[in-house]
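The values are calculated or read from the model by the stated rules, or taken from the named source; none is laboratory data. Here the structure is a predicted model, which means the values were calculated and not measured. Note that each Cβ is placed from the backbone with ideal geometry, even for glycine, and that neighbours are counted across all protein chains shown. We work out accessible area using only protein heavy atoms, side chains counted, and drop any ligands, DNA or RNA first. Shrake-Rupley method; radii C 1.70, N 1.55, O 1.52, S 1.80 Å.
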Amino acid sequence: MSLRRSFLVFAAVLAVIGTGVAIGLILLATNLHRAAQEVGIEVESLRVGEQLEIGLISLRDETDPGARAATEAQVRYQLKEAARYMGSGSQQEQELFTHLEREIDQYLAALDRVADGGAAPAQVRDRTRAVFEPAFASARHWMQLNVEQGRTAERTAARWAEIADVVGVIAILLLVVGLGGVAWWLQRRTFRPALQLAGAIERYTRGDRKARASEQDPEEFRTIARGFNDMAQTLDRQRADQLAFLAGVAHEIRNPLGALKMATDMISPDQPLPPEPAVRQLVARIDRQIGRLLRMAHDFLDASRIESGHLELQAEDCDVRELVRVTLDLFEPVAASHRLVVSAPDQPVRVRCDPMRIEQVLANLVNNAIKYSPPGGAVRVAIARRPDGVVITVADEGVGMSADEIDHVFDPFRRGAGAEPGVPGAGLGLFVARRIVEAHGGDIAVDSTQGTGSTFTVRLPVRAPGPAGGGASGPPGAAEPA
């Protein structure tokens, strides 16, 4: 699983837990608030009930008519005050309060009748006692119910408070476990692979060429490790190729230098010169070996210009048929044991290109075809028009290449297995050829079968792009026959 996906999963889990905890806290807060309101209402109801009882007793014992009227008004006000808390009361409490209101109304009405009849204060109390006692009992009963409801609300609030404590503890435990899980996951899935990758890179930079990173999850680190391993393998392969290149260069230089030394040893300063035919043969041999050395030097210079981006094209309108003819004429003297076959249209095949650079590409391809073909084998060069440009193919009947060789045939310092032993070359020709073709806006590809031969295909657009880089290009290092 990738880091991104893992983080999304963690975020989703934490979001679900957080949402659940938040909803739980909201519900707890709502119920605690409701319980607190109920407790508050019961407390206020008890306060009003006590004042109502006191008002009834005061009204019963009052002898002054004016004070009695004020106390009666106070009792009626307290009844209205108590009615305010009945909206959230139970059915039983509402029925009891309705009965209380009726009893008090009856008591107050009886009190007014007796007082208005001119009875003495003591007689008023005695005559209304039968009505007072039910009213007072109803008030006491209503208060007792409020006390019970208050205790119930208090217990409910205490229970919700306990639930809140439990939820808080669970939330803390979940938070601790979640953070611990994230820390463990980060250590196992992030820090450990990162440290292992860093260790492999450090070992490699210190010279351990066999150091490789473990390609393990998460996906991001696996991708980085795979990239590092590929890079290390590429560097190792390049290093091996460069060592092989140096060995090949030393071998290639040693051969012409050895031939030159042998030729010069045949002409001793203190002895007469050999006959003229022998001298001419020595001069031809020396010229041939010097040509090989120059060809190698040109390959090195071209590779250097290409890598530095200073390959310059001198484009002009050219007939591809003429470029092929010039190239094959160059190899006619040294390809006597091979058949050079050309297939081209009768009409000119024109493209805009650098003729010397394209001749260099063709010379490299034809030279390779001759080198890797057995005596008597055919080297076929074909030219074809296409709507978007020109296609040139160079085919041989040589040793062919494996799939791995095809993948790296255009890499610098790479030579085919058939090049050993005895086939000259530094492994730069195809690398330079590909870059030249690409600088013209074209491409080059190869199709090969081991034991059958290889076919190189060059595609060029009708018009080449502008110069690829600045600076003097110098003479192109076209391959010449040895």
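Below, the figures for the structure above:
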read-out	value
Given charges at beta-carbon only (K, R positive; D, E negative), |dipole| of the chain in Debye	1400
For Ile104, net neighbour charge (Lys/Arg +1, Asp/Glu -1) across residues whose Cβ lies under 14 Å away	-3
Candidate lysines - alpha carbon under 29 Å from Lys261, same-chain residues fewer than 8 apart omitted	Lys371
Under-5 Å amide H pairs with Asp443, H placed in peptide plane, nonlocal only	Arg459
Label point at Thr234 placed 7 Å out along Cα→Cβ; residues across the range 199-220 whose backbone nitrogen lies under 20 Å	200-216, 220
Dipole axis of the chain (+1 Lys, Arg; -1 Asp, Glu on Cβ), positive-most option in Phe97, Gly55, Leu301	Leu301
Charge sum, other residues only, whose C-beta stays under 11 Å from Glu397's C-beta, Lys/Arg counted +1 and Asp/Glu -1	+1
Cα→Cβ-extended label distance, 7 Å offset, between Val334 and Arg155, nm	11.2
Residue-wise HN-Hα coupling along the range 444-456, computed from phi with Karplus coefficients 6.51, -1.76, 1.60 (Hz; x: Gly, Pro)	9, 9, 9, 10, 8, 10, 4, x, 10, x, 10, 10, 9
Distance from the range 426-458 to the range 193-239 (C-alpha centre basis), Å	32
Expected 222 nm ellipticity per residue - DSSP helices of 4 or more, -39500 (n - 2.57), all of the chain, to 500	-22500 deg cm²/dmol
Amide H partners (placed H, <5 Å) of Ala378, local residues excluded	Arg339, Glu397
Stretch gain in nm, segment Arg129-Ile224, where the contour uses 0.36 nm per residue and the Cα spacing is subtracted	24.3 nm
Residues in the range 18-36 that a label on Val177 would reach, taking backbone N under 20 Å of a point 7 Å out along Cα→Cβ	18-25
Span-like helix ranges in the chain, DSSP H, alpha carbon extent 30 angstrom or more, Kyte mean at least 0.0	3-61, 129-186
Rounded percent of accessible protein surface that carbon and sulfur make up, the chain, 1.4 Å probe	58
Label-point separation in nm, Phe191 to Leu243, each point 7 Å along Cα→Cβ	4.0
Of [x] 120, 73, 43; [y] 177, 54, 42; [z] 66, 59, 42, the label for Cα extents along the principal axes in Å derived from the coordinates	[y]
Farthest toward positive dipole pole in the chain [+1 Lys/Arg, -1 Asp/Glu at C-beta], among Thr205, Val409, Ala69	Val409
Projected label distance in nm at Ala198 and Gln37, using a 7 Å step from Cα toward the beta-carbon	5.8
Modelled label reach - Leu27, point 7 Å along Cα→Cβ, the range 162-185 residues with backbone N closer than 16 Å	162-171
Counted charge near Glu202, where neighbours are those whose Cβ lies closer than 15 Å (Asp, Glu -1; Lys, Arg +1)	+4
